[in-house]
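Take a look at the structure below.
Just so you know, all these numbers are worked out from the coordinates, no wet-lab data involved. Everything numeric here is computed off the predicted structure, so don't read it as measured data. Neighbour counts run over all protein chains shown; Cβ positions are idealised from the backbone, glycine included.
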Amino acid sequence: MIDPQMFQLVCFYAFAAVTVLAALSVITLRNSVHAVLALVLTFFSTACIWMLAEAEFLAIALIVVYVGAVMVLFLFVVMMLDIDQEKLREGFVKYLPVGLIVAIAMLVEMLGLIGVRIMHAQTMGDNPATAAGLSNTAWLGMALYSQYLLPFEVAALILTVGVIAAVALTLRQRKGVRHQQASEQVAVKASDRVRIIKMAAERSADSEPTPAQESKP
Amino acid sequence: MGEQILNQLVWPIIFTLCVLLPLVIAVAMYVYWERKIIGWMHVRMGPNKIGPLGLLQAFADVVKLLVKEVILPTNANKFLYYLAPMIALVPALAAWAVIPFSDKMVLSNANAGLLYLLAMTSLGVYGIILAGWSSNSRYALLGAMRSAAQVISYELAMGLCLVCVLVLAGSLNLTDIVHAQAGKGMFGWFWLPLFPVFIVYFVSGVAETNRAPFDVAEGESEIVAGFHVEYSGSAFALFFLAEYANMILVSFLAPILFCGGWLSFFPESWGVIGHPSILWLFLKVFLFANLFLWFRATFPRYRYDQIMRLGWKVFIPIAIVWVLVAGCMKYYGWVHVGTGG
């Protein structure tokens with residue numbers, strides 16, 4: 001008999017191990033495309049862990065947004081770059097102390113957070129979605145659009161500002177570039193492009209000789 | 001214990017095979033039908049030598065592909081080169097897990113079915129990008145780049161169309177979405193209130209599967225065959241299978257989301273022909289699948305910038321506006337959503 005809870009625990013550790021390994025290989029792999037793919041795997045296994053924690057909507061949203069869109073663009077850019085691996089490795093020793101200090105500071109902060117949580121010893125309540133008798137997605141939608149409407153809209157506004165700023169930063173107005181105007185192309189009339197001339201189908205016998213005939217001796 | 005293993009392991013595998021094996025055969029027959037239809041539209045016969053009416057042509061092609069050598073290009077990234085076709089195929093097959101064939105016939109009646117579909121279809125592009133990059137070829141890389149940009153652009157429009165459907169149906173569950181269209185025959189389906197979105201959805205589906213007239217990723221006349229130019233034998237067959245499985249998937253989704261799935265064209269009060277049946281679903285799928293072939297036989301290929309303009313400046317604005325319209329329809333009760341079941 002397979003104990004469901006035991007199985008869930010085993011799955012959790014398996015997914016967690018994959019996540020950690022993939023995250024490590026993001027920073028250790030030499031090939032930058034491989035590193036991006038390791039990052040994709042990290043996101044994917046994180047989504048699996050969230051799925052185990054019954055956060056279906058967040059898990060699938062992670063895959064749709066990050067794996068399906070953001071990472072594809074990332075991969076796109078990394079593939080186009082011609083990164084000199086040797087040059088990147090040169091600074092490794094020089095920046096090692098700084099990196100170590102940052103890493104230790106982050107570790108201390110994380111341990112501090114974990115310590116605070118343990119001291120409070122808060123037990124997590126029941127899954128609010130299950131308690132409300134709704135599906136995960138429906139409950140999240142209810143919460144976001146009623147209880148947390150203002151923070152949600154503020155976040156949306158900040159993101160929009162970010163998008164506009166990014167476009168404004170990269171937008172260059174170049175002179176002398178010819179763009180196609182779709183509306184003009186559609187609105188064009190045949191009479192603008194082709195002139196139809198009425199003429200007789202046959203040349204009359206007494207017409208002037210053609211230039212070719214003229215040149216003959 | 002034996003019974004538990006049977007219920008949790010053996011039956012799901014058998015059910016999955018019951019979907020996947022017919023799917024693979026459907027792909028083979030779809031390829032045959034495509035060649036026939038395009039042949040007739042070009043006033044030629046199409047395949048007619050192997051088997052009666054050429055019916056075994058597709059299977060002969062499969063055998064040919066499987067016994068051919070898989071060639072690894074010089075300086076190709078071996079691991080990713082072999083991984084790419086599998087990455088392309090797996091999401092194309094995994095998406096079928098949530099497709100309902102009739103009221104009770106569905107592998108996984110997931111509540112977040114629509115989201116799951118969106119996730120799976122967005123993963124398929126990795127196979128294309130990796131194939132293009134790992135085969136160490138200019139043509140392949142160009143094809144992969146075009147394909148990635150195109151798939152991402154049209155995925156946005158497609159996602160917004162799905163938002164319209166789920167606003168009206170009030171559910172992400174595909175079975176519930178079909179039930180929400182029940183009641184009034186074909187005039188109760190979502191294609192009527194969501195007509196612009198229905199068109200946008202299907203055209204985006206054609207674009208997302210990289211089919212003609214949006215097949216610049218393959219563009220035989222410019223970049224030979226795009227991302228899979230270096231692939232041969234069974235590796236190529238996997239890409240082929242993935243592409244056609246995706247086409248059939250889109251042909252299933254359009255009826256399920258917009259045309260009442262397995263519901264009859266006629267109101268239920270009309271007796272036998274008003275009854276919902278899996279045959280209705282297959283009829284609708286057949287019609288949509290034929291549209292793909294019709295498009296291929298009739299439309300010239302779009303230019304790349306035209307594809308981008310259509311996606312970003314036409315489809316996405318239409319879909320965004322119709323999300324608002326759908327919200328109004330739901331809020332003011334303009335559309336009566338059936339509960340069926």
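Give the angle, between 0 and 90 degrees and rounded to the nearest 10, that separates the Cα long axis of helix B:113-134 from the longest principal axis of the Cα atoms of chain B.
10 degrees
Using the count of nearby Cβ atoms within 10 Å as a rough guide to exposure, how do B:Tyr82, A:Tyr145, A:Tyr66 rank from fewest to most?
Ascending number of Cβ neighbours within 10 Å: A:Tyr145, B:Tyr82, A:Tyr66.
Using a Förster radius of 30 Å, what is the FRET efficiency between B:Asn109 and B:Ser277 based on their Cβ-Cβ separation? Nearest 0.05, please.
Computed FRET efficiency for B:Asn109 and B:Ser277: 0.95.
Take the alpha-carbon centre of the range B:48-64, take the same for the range A:137-166, and report the distance between them in whole Å.
Centre-to-centre (Cα) distance: 55 Å.
Calculate one ³J(HN,Hα) per residue across the range B:13-22 by plugging θ = phi - 60° into the Karplus curve 6.51 cos²θ - 1.76 cosθ + 1.60, and present them in order as whole Hz with x for glycine and proline.
5, 5, 4, 4, 5, 4, 8, 6, 5, x
Gaussian network model of chain A, Cα springs within a sub-10 Å range: biggest mean-square fluctuation belongs to which of A:Ala14, A:Ala200, A:Ala131?
Ranking A:Ala14, A:Ala200, A:Ala131 by mean-square fluctuation puts A:Ala200 first.
For a test of the definition: using alpha carbon positions, the gyration tensor, and the 1.5 limit on a/c, classify the range A:36-81 as rounded, prolate or oblate.
Oblate.
If we count GluC sites (Glu not before Pro) as exposed when they sit in a DSSP loop and have at most 14 other beta carbons within 10 Å, what is the longest stretch of chain A that avoids them all?
Free of exposed loop sites, the longest segment is A:55-201.
Considering all alpha-carbon pairs of chain B, what whole percent are spaced by more than 26 angstrom?
52 percent
On average, how many beta carbons from a partner chain sit within 10 Å of the beta carbon of a residue in B:115-121?
Neighbouring Cβ atoms belonging to other protein chains average 5 per residue here.
Give me a comma-separated list of calculated 3J(HN,Hα) values for the range B:59-67, in order, Karplus coefficients 6.51, -1.76, 1.60 applied at θ = phi - 60°, integers in Hz, x for any Gly or Pro.
Result, ordered by residue: 5, 4, 5, 4, 4, 4, 5, 6, 8 Hz.
Calculated FRET efficiency, B:Leu192 and A:Leu150, Cβ-Cβ r, R0 30 Å, to nearest 0.05?
For B:Leu192 and A:Leu150, the calculated efficiency is 0.25.
If you average the alpha carbon positions of the range A:30-62 and of the range B:75-115, how far apart do those two centres end up, in angstrom?
Cα centroid to Cα centroid, the span is 16 Å.
Show the residues, 5+ positions off or on another chain, whose built amide H is closer than 5 Å to the amide H of B:Ala182.
B:Gly338
Per q in 0.13, 0.17, 0.20, 0.24 1/Å, what log10 I(q)/I(0) does a Debye calculation on the alpha-carbon atoms of the range B:263-341 return?
Result of the Debye calculation: -0.80, -1.01, -1.01, -1.03.
Mean 1/r over all different Cα pairs, inverted: what Kirkwood radius does the range B:131-219 give, in Å?
Over the range B:131-219, the inverse of the mean reciprocal pair distance is 14.8 Å.
For the pair A:Val116 and B:Trp40, how long in nm is the line joining their label points, each one 7 Å along Cα→Cβ?
Computed distance between label sites A:Val116 and B:Trp40 equals 7.1 nm.
If you bin every alpha carbon distance in the range A:126-167 into 10 Å steps from zero, what whole percent lands in each bin?
Binned Cα distances yield the sequence 28, 34, 25, 11, 2.
Report, in degrees rounded to the nearest 10, the 0 to 90 angle that the Cα long axis of helix A:92-120 makes with the longest principal axis of chain A.
Between the helix axis and the principal axis of chain A, the angle is about 50 degrees.
What shape does the range A:8-116 have by the C-alpha gyration tensor, where a ≥ b ≥ c are the square roots of the eigenvalues, rounded means a/c under 1.5, and otherwise prolate means a/b greater than b/c and oblate the rest?
oblate
With axes computed from alpha carbons, what is the tilt in degrees of helix B:233-258 against the longest principal axis of chain B, rounded to the nearest 10 within 0 to 90?
So the helix axis and the longest Cα principal axis differ by about 20 degrees.
Using the Kirkwood radius built from alpha carbon pairs, what does the Stokes-Einstein equation give as D for the range B:196-249 at 25 °C and 0.890 mPa s, in µm² per second?
Once the numbers are plugged in, D ends up at 203 µm²/s.
Would you mind giving the mean number of other chain beta-carbons within 10 Å of the Cβ of each residue in A:64-74, as a whole number?
So the per-residue partner count for this stretch is 5.
Peptide A:135-143: average number of partner chain Cβ atoms within 10 Å per residue?
Per-residue shielding by partner chains comes out at 2.
Which of these, B:Glu220, B:Glu34, B:Glu243, has the largest mean-square fluctuation under a Gaussian network model of chain B (Cα springs below 10 Å)?
Fluctuation is largest for B:Glu220.
Considering chain B as a Gaussian network with a 10 Å cut-off on Cα pairs, which listed residue, B:Val206, B:Val19, B:Val178, attains the greatest mean-square fluctuation?
Largest GNM mean-square fluctuation: B:Val19.
How are the alpha carbon pair distances in the range B:208-315 distributed across 5 Å bins from zero to the largest one, expressed in percent?
2, 11, 15, 17, 17, 13, 10, 7, 4, 3, 1, 0
For the range B:1-74, report the % of Cα-Cα distances exceeding 21 Å.
52 percent
All other residues with a Cβ under 10 Å from the Cβ of B:Gly54 taken together, and with Lys, Arg as +1 and Asp, Glu as -1, what is their net charge?
+3
Show me A:186-196, B:37-47 ranked by packing, highest mean number of other Cβ atoms within 10 Å first.
B:37-47, A:186-196
Once you have the Kirkwood Rh of chain A from its Cα pairs, apply Stokes-Einstein at 37 °C and 0.692 mPa s and quote D in µm²/s.
This corresponds to a translational diffusion coefficient of 130 µm²/s.
Take every Cα-Cα pair in the range B:73-172 and report what % of them are more than 18 Å apart.
Counting every Cα pair in the range B:73-172, those more than 18 Å apart make up 57 percent.
Which percent of Cα-Cα pairs in the protein assembly as shown sits in each 20 Å bin, short to long?
Per 20 Å bin, starting at 0, the Cα pair percentages come out as 16, 48, 28, 6, 2, 0.
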